[in-house]
Amino acid sequence: MQEHPLLVSSILTHAAKHHRGSKLVSVDAAGAVTRSTYPAMAVRAAQLAHALARLGVRRGERVATLGWNTAPHMEVYYAASGMGAVLHTVNPRLFPDQIAYILNDAADVALFVDASLLPGLMALAERLPETLRVVVVMGEAPLPALRVPVVGYETLIAGEDTEYPWPLLDERAASALCYTSGTTGEPKGVLYSHRSTVLHAMAAVQPDVFALRALDVVMPVVPMFHVNAWGLPYAAPMTGASLVLPGPRLDPASLHALVEAEGVTFSAGVPTIWTGLLGWLRADPARRFTAPPRLVVGGTALPVAITAGFQKEYGVPILHAWGMTEISPLGSVNTRKAENAHWSDEEFLAYSRKQGRPQFGVDLRVLDAAGAPIAEDDLAFGELQVQGHWVASGYFNRPGDEAFTADGWMKTGDVVTVDALGSIEIVDRAKDVIKSGGEWISSITLENLALAHPDVQLAAVIPAHHPKWDERPLLLVVRKPGTTPDAASILSIYEGKVAKWWVPDGVEFVDSLPLTATGKLWKAEMKKQWKDFSFGS
Ligand code: ADP
């Protein structure tokens with residue numbers, strides 16, 4: 001057999017040659033729509049690669065982006081990786097301190113920034129890395145003065161050669177760098193290779209995963225700075241599917257308008273986005289989909305009520321997927337297989353709360369606190385570990401992180417149950433489970449039950465010190481405005497639903513709970529705030 005390295009550049013070359021009629025629609029921060037094609041994108045990516053080479057960007061050096069889902073951002077994806085540099089996507093919604101940390105940790109040499117994000121960048125002007133040589137502004141804006149030269153994107157690529165001889169790189173070379181969002185600590189970099197990226201995209205398009213085809217019109221709502229928009233910037237052109245890049249306007253009305261106007265057949269995003277869209281649709285009976293798109297949801301657990309609402313009221317099928325930055329991100333999907341093929345839609349709907357099964361290319365194992373495999377009985381839980389073609393073997397710049405085991409697995413930090421069908425269900429994060437007398441209590445289970453109380457707006461369960469049991473659950477509650485439930489009323493919700501020793505030892509009422517930049521409960525901060533709290537002796 002011939003041997004060709006698996007390279008990111010080959011995806012663009014394929015789409016430009018064999019899918020010339022597919023469309024590329026891009027919406028910028030001001031709402032302006034640009035239309036293009038894969039051949040046109042390939043030309044601009046080639047021009048950009050020449051420009052980067054002219055600026056002295058060398059193989060292995062990091063090219064950062066602070067951008068939305070737009071066509072220029074896609075061009076940087078392919079130009080930087082294609083020429084052998086490393087595309088480094090940065091989440092502009094992180095706290096400024098985190099962005100400064102990430103840029104410096106990556107030692108970026110170039111930074112592409114969306115014009116709408118310049119004010120945020122200026123706040124970091126003094127903390128840009130020493131290594132930085134140029135800032136490129138994507139979109140129209142007056143160019144600011146910085147320590148390094150600042151140039152407009154169009155000026156940068158104008159007049160460059162429209163073909164670039166994409167080098168035959170080692171497929172194991174780095175193509176992209178992405179940092180975890182730091183929900184549970186400092187952001188850590190994950191360096192993807194060309195090989196892992198191409199294999200991940202090939203897996204993502206399969207029928208039981210995203211089921212992408214040339215005829216699809218794909219709209220990634222998940223940001224291109226969030227684990228490469230779950231691989232869609234690679235998976236879509238690989239199949240020849242059209243792409244609709246919605247920019248930063250992700251309100252329900254804008255998304256619905258794009259689906260209708262562009263005939264979007266497939267979209268992906270976190271539950272918050274789809275919960276918002278469902279509420280907006282329900283607010284007016286005239287709001288329907290002419291042709292319902294398929295949705296993929298992941299990032300945090302997906303409430304069954306949302307899946308049911310979309311499916312039953314709007315004919316929109318939802319696929320629940322699990323993943324993380326360290327695994328590119330696809331780990332598991334909840335699609336049917338032989339064992340549950342005969343289930344009714346209603347049965348499968350209830351089951352769709354689970355994160356599902358791994359696709360080929362990823363293997364899972366679940367170990368209990370003592371390191372033994374757990375029973376696949378839907379009850380026992382342990383920490384989920386993964387290995388596979390697109391799973392990290394370590395963090396960038398951090399040798400010997402404890403997340404990686406000596407026998408080649410990565411500890412995900414997610415605590416799961418496994419059922420007889422091999423489907424996982426996340427019950428907590430390892431850092432957040434309450435370790436009571438050597439046994440584990442799921443904080444997420446306790447939080448979800450608390451949320452079922454009619455007067456509870458927000459709930460978090462954190463460990464509090466206990467002299468006998470080490471840790472016992474403490475429930476923090478934000479009451480719904482105008483209500484005054486007491487602790488006993490809230491705790492009564494647990495009766496008969498969890499083992500007695502799971503019931504929190506105390507309830508504290510608070511005005512608000514700290515959230516991370518990605519909107520998840522910020523447990524680390526809560527634990528800091530309550531570190532002196534103890535359940536006495
Ligand atoms: P961070 O770890 O900083 O939040 P990631 O975006 O990598 O950044 O998040 C990965 C984590 O998100 C997973 O380890 C898991 O805890 C959670 N997650 C992802 N998908 C799901 C899902 N479908 N259901 C529940 N949790 C999920």
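Tabulated data for the structure shown
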{"read-out": "DSSP beta bridge pairing in the chain, given as percent antiparallel to the nearest 5", "value": "55 percent"}
{"read-out": "Amide H contacts of TYR179 (H built 1.01 Å from N, under 5 Å, at least 5 apart or other chain)", "value": "VAL190"}
{"read-out": "Rounded to whole Hz, the Karplus (6.51, -1.76, 1.60) HN-Hα couplings of the range 294-307, x for glycine and proline", "value": "8, 10, 10, 10, x, x, 9, 4, 9, x, 4, 4, 6, 4"}
{"read-out": "Over the chain: helical MRE at 222 nm, DSSP H runs n ≥ 4 each giving -39500 (n - 2.57), nearest 500", "value": "-7500 deg cm²/dmol"}
{"read-out": "Cross-link table LYS354/LYS531; LYS23/LYS354; LYS435/LYS497, entries beyond 25 Å C-alpha to C-alpha", "value": "LYS354/LYS531; LYS23/LYS354"}
{"read-out": "Protein-only accessible surface order, largest first, of LYS500, LYS354, LYS337 at 1.4 Å", "value": "LYS500, LYS337, LYS354"}
{"read-out": "Around HIS465: net Lys/Arg minus Asp/Glu count, Cβ-Cβ under 13 Å", "value": "+1"}
{"read-out": "ARG288 accessible area, 1.4 Å probe, all protein chains in place, Å² to nearest 10", "value": "120 Å²"}
{"read-out": "Qualifying GluC sites (Glu not before Pro) for the range 24-131 [loop in DSSP, other Cβ within 10 Å: at most 15]", "value": "GLU130"}
{"read-out": "Within the accessible area of the range 199-284 (1.4 Å probe), percent carbon and sulfur", "value": "62 percent"}
{"read-out": "The range 4-101 - convex hull of alpha carbons, volume per residue in Å³", "value": "120 Å³"}
{"read-out": "Straight-distance crosslink candidates among lysines, where the alpha carbon sits under 16 Å from LYS528 and sequence neighbours closer than 8 are dropped", "value": "LYS431"}
{"read-out": "Pairs of alpha carbons in the chain whose separation is greater than 33 Å (percent)", "value": "43 percent"}
{"read-out": "Additional length obtainable on full extension of the chain from ALA53 to GLU495, 0.36 nm per residue less Cα span", "value": "152.5 nm"}
{"read-out": "Computed accessible area, TRP440, all protein chains, 1.4 angstrom probe, square angstrom", "value": "50 Å²"}
{"read-out": "Table column - 3J(HN,Hα) (Hz), the range 406-412, Karplus curve with 6.51, -1.76, 1.60, x for Gly and Pro", "value": "5, 9, x, 10, 10, 7, 7"}
{"read-out": "Charge dipole magnitude, Cβ of K and R +1, D and E -1 - the chain, Cα centre, debye nearest 20", "value": "780 debye"}
{"read-out": "Heavy-atom accessible surface of the range 434-529: percent carbon and sulfur, 1.4 Å", "value": "53 percent"}
{"read-out": "Mean Cβ count within 10 Å, highest first, over the residues of peptides 79-90, 379-390", "value": "79-90, 379-390"}
{"read-out": "LYS17-LYS431 FRET efficiency (beta carbon distance; Förster radius 35 Å; 0.05 resolution)", "value": "0.15"}
{"read-out": "The range 1-68, accessible surface, carbon-and-sulfur percent (1.4 angstrom probe)", "value": "54 percent"}
{"read-out": "Å² per residue, accessible surface of the chain at 1.4 Å", "value": "42 Å²"}
{"read-out": "Only Lys, Arg (+1) and Asp, Glu (-1) charged, at Cβ; the range 434-529 dipole about Cα centre in debye", "value": "200 debye"}
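The values are calculated or read from the model by the stated rules, or taken from the named source; none is laboratory data. Quick caveat: nothing in here was measured; it's all calculated off a predicted structure. Methodologically, a virtual Cβ is constructed for each residue, glycine included, from the backbone with ideal geometry; neighbour enumeration extends over all protein chains shown. All accessible areas refer to the heavy atoms of the entire protein, side chains included, with ligands and DNA or RNA removed. Shrake-Rupley method; radii C 1.70, N 1.55, O 1.52, S 1.80 Å.
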